[in-house]
Amino acid sequence: MASRQPRFTQQVLIDTTPLPDDIPKVKELGASSAPLLSASFFIGARCKAYNDDYMMCKTEANGRGEFECMKEGRKVTRCAASVIKDINETCLAEFRTHWQCLENHNQQLWNCRSEERKLNKCVFNKLKLEKTIPGTPEGEQQIHTRVKNTFATH
Amino acid sequence: MGVPFETLLPYGVMLGMFAFSAAAVGGLRNMQNGGKRARRGIDAWDQYDASAMTSSLVLTPGVVMERDRRLTGFVRGQTDKPEAPKGFETNNPWRVETRYM
């Protein structure tokens, strides 16, 4: 690529050339936005180490992270796909109810807490993945465990 | 003396027009969103803007809803498959200048 930033980007180019064979293949994650949001905290619970590894690699690569961290990136993709696959196999009904609720409520988690509680329970019982919100102050109740939701519309 | 019912007919027509336009606009919105409620307050990262793919005015084209469209063929489509369909790896559009096409 040129060293100059492109300015008049009126056109899109879809380059269908596949990656060269010396780069190991990994299937891209197929879940779209609402299922990903629904599963995000479980992906975080299982894949924290891989994700942190990838982010550290990119920080230390001085802007060449897209090339140099491909190995870590493949691990991130595979781990997230494994979580989605496991949830699909064990808690599909709860998962679908929750992400369809999210999709119908502007993808706002606070509007779908009752569905979320069922999903969290199922995933915790069957996959041992617990939703914890990082950065919650010590001793404070996590927001998704509150039973009373003042502003939720249903 | 009561008011004859013919007096109220124009008001009925006006109300009927309002009701018709509300139903028509709502139905259109529903169709555009695939039978779901519309998204609102979406930011530049989430949004899908068809003109963003062709316009130079939008500096950060939406990523998330564009990805949904690439996965499902519809902006509001959703799928929970763990693996992307074949060809998804390489159909990410790059925004380029015309002379590089």
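The values are calculated or read from the model by the stated rules, or taken from the named source; none is laboratory data. Everything numeric in this text was worked out from a predicted model, so none of it was measured. Positions of Cβ are generated from backbone atoms using ideal geometry, with glycine treated the same way; all protein chains shown enter the neighbour counts. Remember, those area values only see protein heavy atoms, side chains included, never the ligands or the DNA or RNA. Shrake-Rupley method; radii C 1.70, N 1.55, O 1.52, S 1.80 Å.
Worth a mention:
- Accessible surface of the protein assembly as shown, 1.4 Å probe, proportion on carbon and sulfur as whole %: 60 percent
- Accessible surface of residue B:17 - all protein chains present, 1.4 Å probe, nearest 10 Å²: 120 Å²
- Against the main long axis of the alpha-carbon atoms of chain A, helix A:113-127 sits at an angle near 70°.
- 24 Å Cα-Cα threshold exceeded, pairs from A:85/A:128; A:48/A:71; A:75/B:81; A:75/B:86; A:121/B:36; A:25/A:131: A:121/B:36; A:25/A:131
- Counting only protein heavy atoms and using a 1.4 Å probe, the accessible area of residue A:101 comes to about 10 Å².
- Residue with peak Gaussian network fluctuation, chain A [Cα springs, cutoff 10 Å], from A:116, A:72, A:140: A:140
- For the protein assembly as shown: rounded, prolate or oblate by the Cα gyration tensor [a/c cutoff 1.5]: oblate
- Accessible surface of residue B:81 - all protein chains present, 1.4 Å probe, nearest 10 Å²: 120 Å²
- Value at 222 nm in deg cm²/dmol, rounded to 500, when DSSP H runs of n ≥ 4 in the protein assembly as shown each add -39,500 (n - 2.57): -15000 deg cm²/dmol
- Ranking A:54, B:11 from most to least accessible surface, computed with a 1.4 Å probe over the protein chains only, gives B:11, A:54.
- Packing-based ranking, highest mean first, of B:69-75, A:78-84 given that Cβ atoms within 10 Å are counted: A:78-84, B:69-75
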